[in-house]
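Each remark here refers to the structure printed beneath this line.
The values are calculated or read from the model by the stated rules, or taken from the named source; none is laboratory data. Computed from a predicted model, the values in this text were never measured in an experiment. Cβ sites come from the backbone with ideal geometry, for glycine too, and all protein chains shown count toward neighbours. Surface accessibility is based on the protein's heavy atoms, side chains included, excluding ligands, DNA and RNA. Shrake-Rupley method; radii C 1.70, N 1.55, O 1.52, S 1.80 Å.
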Amino acid sequence: MSELELPNPPLRAVTFDLDGLMFNTEELYQEVGGTLLSRRGKQITGELLNEMMGRKSNVALAVMIDWHDLDDTPEQLAAESAEIFGGLLPKRLAPMPGLLELLASLEAAGIPKGIATSSGKLFVDKVLGLFNLAPRFDFILTSEDIIHGKPAPDVYLLAAERHGVAPAEMMILEDSQIGTQAAVASGSYAVAVPHGQSRTHHFPGARFEAHSLADARIYHALRLQTPGGSC
């Protein structure tokens with residue numbers, strides 16, 4: 001890993017996005033969005049998904065409404081989405097590759113970790129509860145904790161404050177273009193981990209694009225040993 005310089009100052013904390021980064025929820029969002037729109041004689045497209053991805057739920061649903069000139073309100077679509085999600089999550093939710101191993105390595109090294117997501121608290125509690133992961137994080141920030149959602153840097157500036165570190169001392173792991181914009185704007189060490197639809201995104205300012213949470217460059221930047229034993 002000599003081609004990647006070690007961060008200076010050293011990284012002292014990590015903040016995770018949730019959807020599409022920790023869990024396969026972006027895939028499920030796409031399915032839910034497709035169901036919502038098919039009920040209204042509309043289709044979901046990659047272009048629409050790109051506009052919605054990474055935004056606060058009410059903002060993303062407002063984008064969907066404007067895109068297809070729907071008569072629904074964001075609140076109505078949110079309630080319908082929650083109903084559809086309720087049937088999907090217990091059967092289909094899964095951690096993204098490398099997540100559990102990275103959490104274990106951070107814990108072994110004593111590096112604090114938090115979550116900063118555009119999703120709402122009820123949804124986040126349900127997702128984390130299915131894998132009992134909430135107790136393993138120092139804090140969990142959701143859409144209710146900030147006024148200006150991603151791509152504004154607010155949630156990540158608040159994350160650095162909660163960690164008690166300067167933004168430059170915090171690694172942020174993000175999967176979407178909008179989320180990575182927020183991470184870069186905060187002055188943090190931003191790493192893009194695209195997956196699925198977000199592989200079509202662009203990540204200017206990111207330190208690198210990881211192939212997954214198991215990418216050895218993530219471990220190297222954090223001065224961690226990889227699960228295989230190398231640093």
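Here are a few things to note about the model shown:
- Restricting region 137-151 to residues that are among the aliphatic types (A, V, I, L, M) and modelled with pLDDT of 95 or more leaves a set whose member that is surrounded by the most Cβ atoms within 10 Å (Cβ to Cβ) is LEU141.
- Between ALA210, ALA159, ALA216, ALA134, the distinction of being in contact with a strand residue (DSSP E or B) (Cβ under 9 Å, 6 or more places away or on another chain), open to solvent by less than 60 Å² (accessible area, probe 1.4 Å) and within 18 Å of PRO7 (Cα to Cα) belongs to ALA210 only.
- Candidate set from region 61-82 (those that are free of Cβ contacts under 8 Å to residues at least 40 places away in the same chain and of a type in the set (Gly, Ala, Ser)); member that is surrounded by the fewest Cβ atoms within 10 Å (Cβ to Cβ): ALA79
- Answer from ASN58, ASN50, ASN8, ASN24 - the residue that is at pLDDT 85 or above, under 19 Å from the mean Cα position of the chain (by Cα), surrounded by fewer than 19 Cβ atoms within 10 Å (Cβ to Cβ) and under 29 Å from PHE139 (Cα atoms): ASN24
- The combined condition, being buried (at least 22 other Cβ atoms within 10 Å of the Cβ), more than 24 Å from MET53 (Cα to Cα), modelled with pLDDT of 95 or more and aliphatic (A, V, I, L, M), is fulfilled by LEU222.
- Selection status of ILE111, touching a Ser or Thr at 6+ places or on another chain (Cβ under 8 Å) and more than 19 Å from SER176 (Cα to Cα): no
- Residues being open to solvent by 50 Å² or more (accessible area, probe 1.4 Å), under 13 Å from the mean Cα position of the chain (by Cα) and within 19 Å of ILE111 (Cβ to Cβ) - total across region 162-179: 0
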